[in-house]
């Protein structure tokens, strides 16, 4: 099938899913579209019993997309730029130490806790995986998804400090998670000698390099924006930053997500105040809000439809179900310990750990990393487990988070 036809079919399906959600489920749009995508997967599976051609056609359509490439070389830069545009620089600075600890040590701790728990759960429940593969699962599932998180917390009315911590952590912890995933993939497949020092050095290069690339490209972008007063041209400049800056960071082997977040923060704060006219500000931010909403819907629709191509088998059900409480445990410990440490020097709102644990949503980034695994890295077990955690995160945690927040008195 030509790629253009596959794109047309997928976009038509996602638009239909959005329409059905608006008329029937009336859930928040990203969550509702994911749910409708899962319903479409079930319908295809049922239809495939009597009409095998339907299931084969659906799988062929979905498999036309390289989901990891679509996320990491397509949507992620645009979505992170759009999300970081709306984050207040001074708010972020006031919570810098919790954010730094959660996005680095927190991700590493979560990876280790999940790996240990998944390893021993596998031995007890009969799906034993090598410990290196369990570490790999921990690395890809530990980072919270900024796209899912930012879209959910905006409407909760949380105290500003908690909202800033959740948003800031989700924007920056991808750098840590991706570095851990890359190095542990090498370890799990026997492709290299990974040492704690080597991982730490690589992490420092990725994070610091990403910050420097983002600062450099963002500064150039600010100068260009100040030198012109045409909102169409200025929107193109920001598009070039989100795509070209992301590509530049990747080519320099630094963290592209962190780089593009830094660019978005600069434009959303310094650019908004000093480099734009009122007309440009209104049009540019409206444009990026629309991009954010549209790509969110497409991404979450694809997550739901990707299940059509998944063939986990009955044996994958046990690790998939076991993964959900294990990931929640890892999240609770990785949030709790940094909060306890920092809590010796400053006060946090009561129930901060509980809210941040339940609000640690996973989404397309974890799915994309899991889909990039090879068969000899435990893909057959890790991929269904990842899907189970992501779907639980989007359809249970995200939907019940407002009720949890109200009950905890936040």
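Computed from the coordinates by the stated procedures, all read-outs in this text should not be read as laboratory data. No experiment lies behind these values; they were computed from the predicted model shown. Quick reminder, even Gly has a Cβ in these numbers, built from the backbone with ideal geometry, and neighbours come from all protein chains shown.
Quick notes
- Stretching residue 286 away from residue 406 to a fully extended chain increases their span by 40.1 nm, per 0.36 nm per residue minus the current alpha-carbon distance.
- In the elastic network of the chain, a GNM with C-alpha springs shorter than 10 Å, the most mobile of 42, 339, 153 is 42.
- By the beta-carbon count within 10 Å of each Cβ, the least crowded to most crowded order of 36, 349, fewest first, is 349, 36.
- Ellipticity estimate at 222 nm from DSSP helix runs (n ≥ 4, -39,500 (n - 2.57)) divided over the chain, nearest 500: -23500 deg cm²/dmol
- For the stretch 297-410: relative contact order, % (alpha-carbon pairs under 8 angstrom, 6 or more apart): 39
- Available extension along the chain between residue 309 and residue 42 is 95.0 nm, counting 0.36 nm per residue and deducting the alpha carbon span.
- Distance (nanometres) between label positions extended 7 Å along Cα→Cβ at residue 253 and residue 226: 3.5
- Across 185, 144, 200, mean-square fluctuation computed from a Gaussian network of the chain (C-alpha pairs under 10 Å connected) peaks at 200.
- Sorting 11-20, 388-397 by their mean Cβ neighbour count within 10 Å, with the most densely packed peptide first, gives 388-397, 11-20.
- Residue exposure proxy: 376, 145, ordered by other Cβ atoms within 10 angstrom of their Cβ from fewest to most, comes out as 376, 145.
- Percent RCO, i.e. relative contact order, over the chain, from Cα pairs under 8 Å lying at least 6 residues apart: 26
- Highest average packing first - 221-233, 159-171, 238-250, 255-267, Cβ atoms within 10 Å: 255-267, 159-171, 238-250, 221-233
- Protection proxy ranking, peptides 352-360, 132-140, average beta carbon neighbours within 10 Å, highest first: 132-140, 352-360
- The stretch 1-60-the stretch 198-222 distance, computed between alpha-carbon centres (Å): 39
- Efficiency of FRET between residue 204 and residue 294 - r from beta-carbon atoms, R0 35 angstrom, step 0.05: 0.45
- For the stretch 3-63, the relative contact order works out to 30 percent when only alpha carbon pairs closer than 8 Å and six or more residues apart are counted.
- Extension reserve of the residue 347-residue 375 stretch, reckoned as 0.36 nm per residue once the Cα distance is removed: 5.4 nm
- Taken as Cα centroids, the stretch 370-410 and the stretch 317-349 sit 14 Å apart, rounded to the nearest whole angstrom.
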